[in-house]
Amino acid sequence: MSVLPFYLYLANSARNVGGTVSQISPAGVVNTYANVSLTPEGGLAFDANGNLYVGCSTFGRILKFTPSGTVSTFASGFGNPQGLAFDGKGNLYVANQISGTISKITPAGVVSTFASGLSSPTGLAFAGNGNLYVACGNKVSTVTPAGVVSTFAGGFQLTGGIAFDTNGNLYLANRTGTISEVTPAGVVSTFASELIDPQGLAFDGSGNLYVTANQNLYQITSAGVISQLATGVVTSAMTGTTAYLTIISAPIAPPTVTTQPQSQTLAASQNVTFTVSASGGSISNTFQWQRLPASGSTWGNLTEGGSYSGSASPTLTVFNATASMTGDQYQCIVTNIVGNTTTNPAMLTVNPPAMPPVTPVASFGAWQNLWFTPSQLNNSTVSTALAMPAKDGVANLVKYAFNLDPFRPPGSGVNPQLPQPEISNGNLVLTINATQSDITYTIQASTDLIHW
């Protein structure tokens, strides 16, 4: 089979048996995309988020398949649902063959009757002007956005296959083995012939028409040249049922992350965001943020609420960050209809709240009385000049000289740093804030840490 620049999907079914949705990859490999326990005699349609909708005659349901494989009933109560089509606002339209109506389903799942009085409607296709075209037995009807029904063209023996090319010409599959072309003005001609029971129709972006006929898949170029691309895409048990066809102008690979989430550092009680962007073709990507706790080894999916918002969007917000979140990592799984890609992890660092500045006191004795309790003042290992209550190797006298908390290590993010040398214009510079008048500050240098 020739290499395709897209993924192609088709529904095939055997009444009372169930069926499948097949996927034909760009390399021509035919795989089962979804197993449908209910008979998928109806149409196929993808929404902008890559969710697949399948019309099933069993119980008159529309099934929804997410890119991750989750299956649910999107809507039910239809009369042998056939063709499916989305409008530009995300509303799904369903052809009810038994009742002769077209149902409209909003993205929220609200069902209403869009049009009625049609004769056995099957295939659906939207024109560029917003009118809906319906294959109805031996004719094609149009339905305006206001629901007004009229006949567009007749004299056919339609199977249900219906599709528009980029020039607005309408193509129809006939039981006579022909494909009819109808111009926007309503002029009918035969575009292709000698096909056996053509069913599903779909165009690619290059103007090639794809047709399922007699269990096989064919390509017809804009010049009318027919070539067989695959055999047995509809199994023998499914012969005689409509094999609805749809082409997804989607990427032929999983999403490509174009902007990775970045590690963030902030003060406690602040909010922080992590953002990702990715390519995804005409089918939108879906997003799922995950968290790896600093002390954990397993990534877990985040959900909305509490400390998090945007867990299924490109931007994750973490509210009211706490010091306990330091070291937590965040990543996002980006999924399209082909597969998924996981971003690089980004780490969160939360600094503890800053301590109020220490007010200088007049003497070391006053400093001792400020910081230590009476019992600590009587404990030489805690309060005397050489004591190190923070166990950081820095004596109390030095902490007094530089206004440091005796119980917290310098440089811990809470206290000022001890004077740090730096290089400026080739010179070694050490800046000391000599705040205590009863202390003599002496700077010494050593080349071996022995002789000063």
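The values are calculated or read from the model by the stated rules, or taken from the named source; none is laboratory data. All figures in this text were calculated on a predicted structure; none of them were measured in a lab. Cβ sites come from the backbone with ideal geometry, for glycine too, and all protein chains shown count toward neighbours. Quick note on the areas: whole protein, heavy atoms, side chains included, nothing else; ligands and nucleic acids left out. Shrake-Rupley method; radii C 1.70, N 1.55, O 1.52, S 1.80 Å.
Run down ALA85, ALA95 and say which single residue is part of a strand (DSSP E or B), within 25 Å of ASN285 (Cα to Cα), modelled with pLDDT of 90 or more and touching a Leu at 6+ places or on another chain (Cβ under 7 Å). Full working, then the answer.
On the way: ALA95 fails: within 25 Å of ASN285 (Cα to Cα).
So the residue among ALA85, ALA95 that is part of a strand (DSSP E or B), within 25 Å of ASN285 (Cα to Cα), modelled with pLDDT of 90 or more and touching a Leu at 6+ places or on another chain (Cβ under 7 Å) is ALA85.
Of all residue pairs spaced 6 or more apart or on separate chains, none has beta-carbon atoms under 6 Å together with a first member in region 321-334 that is crowded, with 18+ Cβ neighbours inside 10 Å and a second member that is assigned to a helix (DSSP H, G or I). Within region 48-77, take every residue that is more than 16 Å from VAL21 (Cα to Cα) and open to solvent by less than 20 Å² (accessible area, probe 1.4 Å) and give me the one that is farthest from the chain's Cα centre (by Cα). The qualifying residue farthest from the chain's Cα centre (by Cα) is GLY60.
Residue check: is LEU266 assigned to a strand (DSSP E or B), at pLDDT 90 or above and over 27 Å from the mean Cα position of the chain (by Cα)? It would help to see each step written out before you state the result.
Values: assigned to a strand (DSSP E or B): yes; at pLDDT 90 or above: yes; over 27 Å from the mean Cα position of the chain (by Cα): yes.
Against the criterion (assigned to a strand (DSSP E or B), at pLDDT 90 or above and over 27 Å from the mean Cα position of the chain (by Cα)), LEU266 qualifies.
If I filter region 269-283 for residues that are at pLDDT below 85 and either aromatic (Phe, Trp, Tyr) or open to solvent by less than 50 Å² (accessible area, probe 1.4 Å) (or both), do I get at least one hit? It would help to see each step written out before you state the result.
From region 269-283, those at pLDDT below 85 are 279-283; that's our starting set.
Of the ones still in play, those that are also either aromatic (Phe, Trp, Tyr) or open to solvent by less than 50 Å² (accessible area, probe 1.4 Å) (or both) are 280, 283.
Within region 269-283 (the criterion being at pLDDT below 85 and either aromatic (Phe, Trp, Tyr) or open to solvent by less than 50 Å² (accessible area, probe 1.4 Å) (or both)), the answer is yes, since at least one residue qualifies.
Please go through region 301-316 and give me each residue that is part of a strand (DSSP E or B) and open to solvent by 30 Å² or more (accessible area, probe 1.4 Å), ordered by number.
Of all residues in region 301-316, those part of a strand (DSSP E or B) come to 301, 305, 308-309, 315-316.
Once the filter is applied, which keeps residues that are part of a strand (DSSP E or B) and open to solvent by 30 Å² or more (accessible area, probe 1.4 Å), region 301-316 yields ASN301, GLY305, TYR308, SER309, THR315.
When LEU449, LEU418 are checked against the criterion of being open to solvent by 100 Å² or more (accessible area, probe 1.4 Å) and either assigned to a loop (DSSP other than H, G, I, E, B) or among the aromatic types (Phe, Trp, Tyr) (or both), LEU449 stands alone in meeting it. The condition (being among the polar types (S, T, N, Q) and farther than 29 Å from ASN351 by Cβ) is satisfied by just one residue among ASN403, ASN433, ASN425: ASN425. Can you tell me how many residues within region 86-109 are open to solvent by 10 Å² or more (accessible area, probe 1.4 Å) and under 23 Å from the mean Cα position of the chain (by Cα)? Within region 86-109, residues that are open to solvent by 10 Å² or more (accessible area, probe 1.4 Å) and under 23 Å from the mean Cα position of the chain (by Cα) number 10.
Results for (1) over 20 Å from GLN82 (Cβ atoms); (2) small (Gly, Ala, Ser); (3) at pLDDT 90 or above, shown as yes or no for each residue.
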| site | (1), (2), (3) |
| --- | --- |
| THR151 | no, no, yes |
| ASN169 | yes, no, yes |
| PHE191 | yes, no, yes |
| ASP204 | yes, no, no |
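Using the structure shown, decide if THR176 is surrounded by fewer than 20 Cβ atoms within 10 Å (Cβ to Cβ), of a type in the set (S, T, N, Q) and either touching a Gly at 6+ places or on another chain (Cβ under 7 Å) or not in a strand (DSSP E or B) (or both). Here the answer is yes, as THR176 does meet what is asked.
Just one of TYR441, TYR400 is surrounded by 10 or more Cβ atoms within 10 Å (Cβ to Cβ) and not in a helix (DSSP H, G or I); which is it?
Details: TYR400 fails: not in a helix (DSSP H, G or I).
Sole residue among the options that is surrounded by 10 or more Cβ atoms within 10 Å (Cβ to Cβ) and not in a helix (DSSP H, G or I): TYR441.
Based on what the data block shows, is GLN199 within 14 Å of ALA135 (Cα to Cα), without any contact (Cβ under 8 Å) to a residue 60 or more places away in the chain and not small (Gly, Ala, Ser)? Considered against the rule, which asks whether it is within 14 Å of ALA135 (Cα to Cα), without any contact (Cβ under 8 Å) to a residue 60 or more places away in the chain and not small (Gly, Ala, Ser), GLN199 comes out as yes.
Could you tell me how many of the residues in region 114-129 are open to solvent by 30 Å² or more (accessible area, probe 1.4 Å), more than 21 Å from VAL187 (Cβ to Cβ) and at pLDDT below 95?
Residues of region 114-129 that are open to solvent by 30 Å² or more (accessible area, probe 1.4 Å), as a first pass: 114, 116-117, 119-120, 126, 128-129.
Now restrict to residues that are more than 21 Å from VAL187 (Cβ to Cβ): 114, 116-117, 119-120.
Still in the running and at pLDDT below 95: 116-117, 119-120.
So the count comes out to 4.
The residues in region 130-159 that are open to solvent by 40 Å² or more (accessible area, probe 1.4 Å), of a type in the set (S, T, N, Q) and in contact (Cβ under 8 Å) with a residue 24 or more places away in the chain can be counted, and the count is 0.
In the set VAL30, VAL3, only one residue is at pLDDT 65 or above and under 24 Å from ILE220 (Cβ atoms); that residue is VAL30.
May I ask you to list the residues in region 386-396 that are among the aliphatic types (A, V, I, L, M), surrounded by 16 or more Cβ atoms within 10 Å (Cβ to Cβ) and either closer than 21 Å to SER437 by Cβ or at pLDDT below 90 (or both)? Break it down into steps so the answer makes sense when it comes.
Here is the first cut: in region 386-396, the ones among the aliphatic types (A, V, I, L, M) are 386-388, 390, 394-395.
Those still in the list that are surrounded by 16 or more Cβ atoms within 10 Å (Cβ to Cβ) too: 387-388, 390, 394.
Answer for region 386-396, where residues must be among the aliphatic types (A, V, I, L, M), surrounded by 16 or more Cβ atoms within 10 Å (Cβ to Cβ) and either closer than 21 Å to SER437 by Cβ or at pLDDT below 90 (or both): ALA390, VAL394.
Residues of region 317-354 that are within 22 Å of GLY69 (Cβ to Cβ) and in a strand (DSSP E or B): GLN331, CYS332, ILE333, VAL334, THR335, ASN340, THR341, THR342.
When you scan region 47-58, how many residues do you find that are closer than 19 Å to THR122 by Cβ and either of a type outside the set (A, V, I, L, M) or outside any strand (DSSP E or B) (or both)? Walk me through how you get there before you give the answer.
Step one: list which residues in region 47-58 are closer than 19 Å to THR122 by Cβ, which gives 53-58.
Filter again for either of a type outside the set (A, V, I, L, M) or outside any strand (DSSP E or B) (or both), leaving 53, 55-58.
Final tally of qualifying residues: 5.
Within the bounds of region 364-385, is there any residue that is of a type outside the set (A, V, I, L, M), more than 30 Å from VAL350 (Cβ to Cβ), open to solvent by less than 40 Å² (accessible area, probe 1.4 Å) and in contact (Cβ under 8 Å) with a residue 40 or more places away in the chain? Checking region 364-385: at least one residue is of a type outside the set (A, V, I, L, M), more than 30 Å from VAL350 (Cβ to Cβ), open to solvent by less than 40 Å² (accessible area, probe 1.4 Å) and in contact (Cβ under 8 Å) with a residue 40 or more places away in the chain. Just one of (1) open to solvent by 20 Å² or more (accessible area, probe 1.4 Å); (2) touching a Leu at 6+ places or on another chain (Cβ under 8 Å); (3) under 17 Å from LEU201 (Cβ atoms) fails for ASN169. It is (2).
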